[in-house]
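One structure below.
The values are calculated or read from the model by the stated rules, or taken from the named source; none is laboratory data. As the structure is a computational prediction, the values presented were derived from the model and not from experiment. Here the Cβ positions follow ideal geometry from the backbone for every residue, glycine too, while neighbour counts run over all protein chains shown. In case anyone asks, the SASA skips ligands and DNA or RNA and just uses the protein heavy atoms, side chains included. Shrake-Rupley method; radii C 1.70, N 1.55, O 1.52, S 1.80 Å.
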Amino acid sequence: MPGLTAPSDYALEPPRHPALQINAKQPFNAEPPRSALISSYVTPVDFFYKRNHGPIPIVEDVEKYYFSITGLIENPKDLFMRDIMMLPKYNVAATLQCAGNRRTAMSKSKTVKGVGWDVSAIGTAVWGGAKLADVLELVGIPKLTSVTKSGGKHVEFVSIDKCKEENGGPYKASIPLSQATDPEADVLLAYEMNGELLNRDHGYPLRGIVPGVIGARSVKWLEAINIIAEECQGFFMQKDYKMFPPSVNWDNINWTTRRPLMDFPVQCVICSLEDMNVIKPGKVKISGYAVSGGGRGIERVDVSIDGGKNWVEASRYQKMGAPYVADDISSDKWAWVLFEVTVDIPQSTQIVAKAVDTAANVQPENVETIWNLRGVLNTSWHRVNVRVGHSNM
């Protein structure tokens with residue numbers, strides 16, 4: 001398309017930070033060290049996980065770039081960046097999380113299929129852009145619309161990138177029209193990330209941001225938005241990112257029996273310690289992140305230093321110096337909380353963390369109960385092991 005092209009190879013990939021843990025080189029998928037996630041509430045762009053399904057598109061002339069809004073509407077339009085920039089700009093703090101976050105740990109229980117991820121396929125950014133509800137008004141769709149006059153019920157985002165799963169076609173995904181046209185849902189067409197223009201890895205020049213929903217629905221490098229009657233029929237909506245029970249395997253799977261994943265469940269991870277640690281006996285600060293989908297806040301984070309027998313409550317915060325109150329107007333409802341608690345570790349043990357959201361949703365105790373063949377949504381209690389080593393001094 002004019003101004004934006006999708007390469008067929010990986011010769012022109014952008015530079016990346018050397019500290020990233022590379023989980024796949026082509027297409028490039030990488031995550032930061034877990035300790036980087038708790039260094040600040042807003043994740044620096046360089047340390048935001050990279051999730052790609054093909055070569056990174058190249059912007060040749062942003063002035064010529066446009067995307068089309070078509071489908072079951074009365075006034076299809078091509079929109080340029082200048083059209084989007086003229087709309088009111090909103091900044092939304094939102095956590096994006098790959099549905100495969102913590103897949104590597106699930107695979108240790110029983111092998112799964114997919115790119116391996118530790119605990120850092122997640123990040124929080126302040127996304128800047130126009131609300132999709134305002135954009136859709138430009139083509140005659142009023143706010144809070146569930147169905148267009150022509151029968152459109154879903155909004156399909158189509159990227160320009162090329163995916164082998166789509167037989168060389170573009171990545172695409174959809175959300176309900178009712179969500180897209182609801183200003184309170186904060187769905188954005190974003191052109192900024194943490195106060196700067198998006199970089200290539202994160203969707204420059206324009207991407208969708210769907211807060212509270214798995215990252216797979218926040219489509220990058222937009223080429224088109226289609227208003228359609230049924231949900232997107234693309235690979236990543238129909239034959240991936242679905243939750244199956246442990247009894248389903250690759251011989252008996254029926255993709256049509258499950259709906260596409262949208263809101264992510266409550267999640268909690270310790271980031272101040274690795275899976276295996278050697279520490280000195282004494283006081284240890286345990287810190288990490290907790291988050292829930294759908295705009296639900298975090299009501300509580302519990303930490304155990306004896307494998308889950310006894311618990312203490314951790315403190316939660318978003319902005320330093322400001323108290324966090326779940327679901328309060330002062331809190332970022334689409335973003336994670338960071339937590340910390342200082343505990344005394346006299347001997348070798350297992351440390352566990354779990355969270356409860358404002359709907360009283362809890363995490364499963366063991367990964368085996370939620371194992372699934374694609375390794376998605378591992379939200380089991382997060383466990384790290386520590387061995388206390390005494391100094392010779």
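Quick notes on this structure:
- In segment 303-337, the residue that is least open to solvent (accessible area, probe 1.4 Å) out of those that are over 24 Å from the mean Cα position of the chain (by Cα) and over 20 Å from HIS382 (Cβ atoms) is ALA322.
- If you go through segment 89-109 and pick out every residue that is hydrophobic (A, V, I, L, M, F, W, C) and under 19 Å from ILE270 (Cα atoms), you end up with 5.
- Among the residues making up segment 214-242, those that are of a type outside the set (A, V, I, L, M, F, W, C) and either more than 15 Å from LEU188 (Cα to Cα) or in contact with a Phe, Trp or Tyr (Cβ under 7 Å, 6 or more places away or on another chain) (or both) are GLU223, ASN226, GLU230, GLU231, GLN233, GLY234, GLN238, LYS239, ASP240, TYR241, LYS242.
- Members of segment 21-76 that are under 27 Å from ILE270 (Cβ atoms), part of a strand (DSSP E or B) and aliphatic (A, V, I, L, M): ILE22, ALA24, ALA30
- Every test in (1) open to solvent by less than 80 Å² (accessible area, probe 1.4 Å); (2) assigned to a loop (DSSP other than H, G, I, E, B); (3) hydrophobic (A, V, I, L, M, F, W, C); (4) more than 30 Å from VAL248 (Cβ to Cβ) is passed by LEU12 save one, and that test is (1).
- Residue in segment 315-330 that is of a type in the set (Phe, Trp, Tyr) and more than 30 Å from GLN238 (Cβ to Cβ) present: yes
- The set of residues in segment 353-385 that are closer than 9 Å to CYS268 by Cα and either in a loop (DSSP other than H, G, I, E, B) or open to solvent by 20 Å² or more (accessible area, probe 1.4 Å) (or both) comprises LYS354, GLN363, THR379, SER380, TRP381.
- Residue pairs meeting the criteria (Cβ under 7 Å; at least 6 apart or on separate chains; first basic (Lys, Arg), in segment 133-154; second buried (at least 17 other Cβ atoms within 10 Å of the Cβ)): LYS143/ALA133; LYS143/THR181; LYS153/LEU177
- Residue check, GLY152 in a strand (DSSP E or B), touching a helix residue (DSSP H, G or I) at 6+ places or on another chain (Cβ under 9 Å) and crowded, with 20+ Cβ neighbours inside 10 Å: no
- In the set ALA99, ALA93, only one residue is buried (at least 24 other Cβ atoms within 10 Å of the Cβ), modelled with pLDDT of 95 or more and at negative phi; that residue is ALA99.
- Residues that are of a type outside the set (D, E, K, R) and either open to solvent by 30 Å² or more (accessible area, probe 1.4 Å) or modelled with pLDDT under 95 (or both) within segment 338-348 comprise THR342, PRO346, GLN347, SER348, listed in sequence order.
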